[in-house]
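Some notes on the structure that comes next.
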Amino acid sequence: MIKFKNRFQYKAHIDITSLVDLVFLLIAFFMITSSLSTTSSISVQLPKAVQSGDQKQGDITITVDEKNNVYINDVKYEPDSLLNEFKKRKAGLEKNVIIIKGDRNANYETIVKVMDTLNQAGLPRFSLTTIKSR
């Protein structure tokens with residue numbers, strides 16, 4: 001018995017080229033638009049507070065460590081150059097959110113000077129970061 005191949009028999013064929021293109025575009029879109037949280041490389045022991053809110057991401061993160069060194073986005077600055085640096089960065093603020101992280105062992109006067117310098121630079125809105133006490 002001879003079997004003949006039917007030339008009218010169709011096989012299902014799905015072209016997924018456009019689907020693959022769409023998936024790559026979506027991946028690229030989400031990678032570009034998502035904001036990954038950046039963690040600070042400067043470790044500080046934050047003071048505890050009963051009424052502590054959620055930590056936000058800010059345009060500028062100012063850190064004062066236990067040795068009273070001042071860092072802006074993990075770059076150390078001398079206290080004399082802070083005013084000029086804040087004035088430079090004022091124009092580039094998107095959310096106008098400034099976060100101050102002060103070590104619990106830092107000198108209170110240093111943190112007040114940073115806040116005073118922010119006011120002089122025309123940036124009166126900032127928040128102090130604490131951790132919630134249990």
- Message: Give me the extension gain from LEU128 to LYS3: residue separation times 0.36 nm, minus the current Cα-Cα distance, reported in nm with one decimal.
- Response: 36.6 nm
- Query: Quick one: length gained pulling ARG104 to SER34 fully straight, 0.36 nm per residue minus the C-alpha distance?
  - Reply: 21.9 nm
- In what order do SER81, SER18, SER127 fall by count of nearby beta-carbon atoms within 10 Å, going from fewest to most? SER18, SER81, SER127
- Cross-link pairs LYS67/LYS132; LYS67/LYS113; LYS95/LYS132 - those with Cα-Cα distance over 20 Å: LYS67/LYS132; LYS95/LYS132
- Query: For the residues PHE86, PHE126, what sequence is obtained by ranking on other C-beta atoms within 10 Å, fewest first?
  - Reply: PHE126, PHE86
- Note on the structure: Ordered by fewest other Cβ atoms within 10 Å, a rough proxy for footprinting exposure, ASP80, ASP103 read ASP80, ASP103
- Note on the structure: antiparallel share of DSSP beta bridges within region 48-132, to nearest 5, in %, is 40
- How much length is gained if the chain between LEU93 and ASP15 is pulled fully straight, taking 0.36 nm per residue apart and subtracting their Cα-Cα distance, in nm to one decimal? 23.4 nm
- Where the centroid of each part is defined by its Cα atoms, how far is region 19-35 from region 86-134 in Å? 36
- Message: Given an 8 Å cut-off on Cα distances and at least 6 residues of separation, report the relative contact order of region 48-132 as a percent.
- Response: 41
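Throughout, read-outs are computed from the coordinates displayed, never taken from laboratory work. It should be emphasised that the depicted structure is a prediction, and the values quoted were computed from it without experimental measurement. Here the Cβ is made from the backbone with ideal geometry for all residues, glycine too, and neighbour counts use every protein chain on show.
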